[in-house]
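The values are calculated or read from the model by the stated rules, or taken from the named source; none is laboratory data. The structure displayed is predicted, hence computed values, not measured ones. Here the Cβ is made from the backbone with ideal geometry for all residues, glycine too, and neighbour counts use every protein chain on show. Heavy atoms of the whole protein, side chains included, go into the accessibility calculation; ligands, DNA and RNA do not. Shrake-Rupley method; radii C 1.70, N 1.55, O 1.52, S 1.80 Å.
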Amino acid sequence: MPMPEAATAPSGVSGLSGSAGSSGPPSEAALLAQRDEFPTLKTGVHLISHSLGAMPRGAREHAQRYLDEWEHESILAWHTWLPAVRSLGDLIGSVLGVDAGTVSLHANVSTVQSIVASCFSFEGPRNKIVYDDLNFSTVHYVWQEQARRGAEIVVVPSRGGIHPPTEELLRAIDERTLLVPISHVLFRSSAMYDAQRIIARAHEVGAMVLLDCYQSAGTVPLALKAWNCDLACGGSVKWACGGPGAAYLYVRPDLLSELRPTATGWFSHQEPFAFDMGPMRYAEDPFRMVGGTMPMPAIYTARAGWEIVAQLGVPAIRAKSLRQTRLLREQIEARGFTVNTPREDEGRGGTICFDFPDAERVSHTLSERRFFHDYRPRCGLRVSPHFYTTDDELDAFMRELDTVCAGGATTSASPAY
């Protein structure tokens with residue numbers, strides 16, 4: 001059975017905003033109006049945009065357009081596909097706060113990090129790579145392996161596994177530091193770095209910052225050009241509601257010509273269709289960092305989500321996110337659970353992480369009942385309202401959590417499927 005647009009709280013139980021049946025203040029109406037663009041919202045409570053954003057209706061339409069072009073245009077479709085690559089890069093760039101023509105597209109962040117790593121030889125005294133122990137594992141794996149090539153890897157320990165070790169990281173960045181590859185928002189706690197402080201310190205000593213924006217782009221306003229960020233990466237699968245396979249890399253324009261990746265390919269060449277067998281001549285635009293053929297199906301399906309995010313504006317998305325995560329936190333704390341996300345608005349992203357005894361089992365049961373969220377070790381449940389989330393859905397999630405914790409079946413007041 002399809003899920004009702006908003007679950008009604010039982011008699012005597014108030015909604016998260018203080019009144020049953022609330023969908024938020026009028027200022028959020030334009031955001032919630034986008035629910036019609038996400039048919040999947042009728043089949044479950046989607047609070048997992050930190051891991052997989054809901055699929056917009058337009059993704060299927062863009063996928064069909066790609067297939068039609070492939071079928072009907074054959075090899076001539078590349079005259080449409082290559083401009084589509086640049087166009088999506090520029091669209092993503094508008095959300096990142098950077099100029100058009102500065103973003104390249106890739107299959108995933110692991111590939112992006114590896115391409116960046118291949119730009120350096122790690123010879124000489126400036127060979128330190130500095131990041132914290134709350135970084136996402138794929139970033140750690142890529143850079144840890146650079147030790148075989150001469151890199152000195154410095155992993156700064158965190159304080160309690162929640163807050164980013166900002167002061168300790170700043171002290172670790174010195175004149176021997178080459179690169180600081182950190183997450184803007186941490187996946188395990190949703191704590192957020194003051195990126196501008198890290199960038200400023202790195203530049204003081206001649207180092208660069210590679211900022212992973214996967215957990216912030218689309219839910220936290222970004223101004224990477226204004227911040228003078230050196231490099232940034234992320235993907236489309238989370239807050240951008242774009243699905244997997246369409247990651248991105250931003251390189252500050254004045255830095256691009258200095259980077260010569262050894263992990264390269266024919267599309268990184270100045271003249272890829274010349275098939276030149278001479279020395280590598282790198283492209284002068286972001287294709288320099290691309291390597292091989294781009295993941296065209298994913299580039300098409302990612303567009304719809306980015307278009308919606310750009311149209312709504314991340315500041316409006318952020319305002320709603322902050323309101324709903326505050327309210328969600330109140331409900332969690334009222335139950336005595338441990339919240340593993342910083343309280344301060346300026347210190348966190350769009351997720352609330354919380355833990356309690358037997359949380360992993362409860363999480364699995366909630367997901368089976370189509371209350372979508374996830375569980376991570378040393379974190380607990382991760383729950384994320386997004387621009388399409390109603391307060392009533394948060395109410396329904398918390399009621400169902402109570403039911404599962406008590407060992408009960410799905411409540412009659414919960415959404416039915």
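Of note:
- Screening Ser158 against (1) within 28 Å of Ser121 (Cα to Cα); (2) touching an Asp or Glu at 6+ places or on another chain (Cβ under 8 Å) leaves a single unmet condition, (1).
- Extreme residue, least open to solvent (accessible area, probe 1.4 Å), among residues of the stretch 32-73 that are polar (S, T, N, Q) and under 20 Å from Gly235 (Cα atoms): Ser49
- Considering Ser158, Ser236, the condition of being more than 21 Å from Pro261 (Cα to Cα) and buried (at least 24 other Cβ atoms within 10 Å of the Cβ) is satisfied by Ser236 alone.
- Test: Arg288 is open to solvent by 70 Å² or more (accessible area, probe 1.4 Å) and farther than 30 Å from Ile317 by Cα: no
- Single residue of the stretch 188-224 satisfying the filter (farther than 17 Å from Gly347 by Cβ and open to solvent by 30 Å² or more (accessible area, probe 1.4 Å)) that is nearest to the chain's Cα centre (by Cα): Tyr214
- Residue match in the stretch 17-30 (condition: open to solvent by less than 50 Å² (accessible area, probe 1.4 Å), at pLDDT 95 or above and not in a loop (DSSP other than H, G, I, E, B)): no
- Condition check for Glu175: free of Cβ contacts under 8 Å to residues at least 12 places away in the same chain, open to solvent by 10 Å² or more (accessible area, probe 1.4 Å) and not basic (Lys, Arg): no
- Looking only at residues in the stretch 338-370 that are in a loop (DSSP other than H, G, I, E, B) and among the polar types (S, T, N, Q), the one that is farthest from Ser321 (Cα to Cα) is Asn340.
- Residue satisfying all of: in the stretch 374-392; open to solvent by 10 Å² or more (accessible area, probe 1.4 Å) and not in a strand (DSSP E or B); modelled with the highest pLDDT among these: Pro377
- Residue count for the stretch 74-108 under the criterion of being under 30 Å from Phe136 (Cα atoms), assigned to a helix (DSSP H, G or I) and open to solvent by 10 Å² or more (accessible area, probe 1.4 Å): the result is 7.
- Condition met for Phe371 (open to solvent by less than 20 Å² (accessible area, probe 1.4 Å) and among the aromatic types (Phe, Trp, Tyr)): yes
- Filter result (surrounded by fewer than 22 Cβ atoms within 10 Å (Cβ to Cβ), within 17 Å of the chain's Cα centre (by Cα) and farther than 27 Å from Pro295 by Cβ) within the stretch 109-148: none
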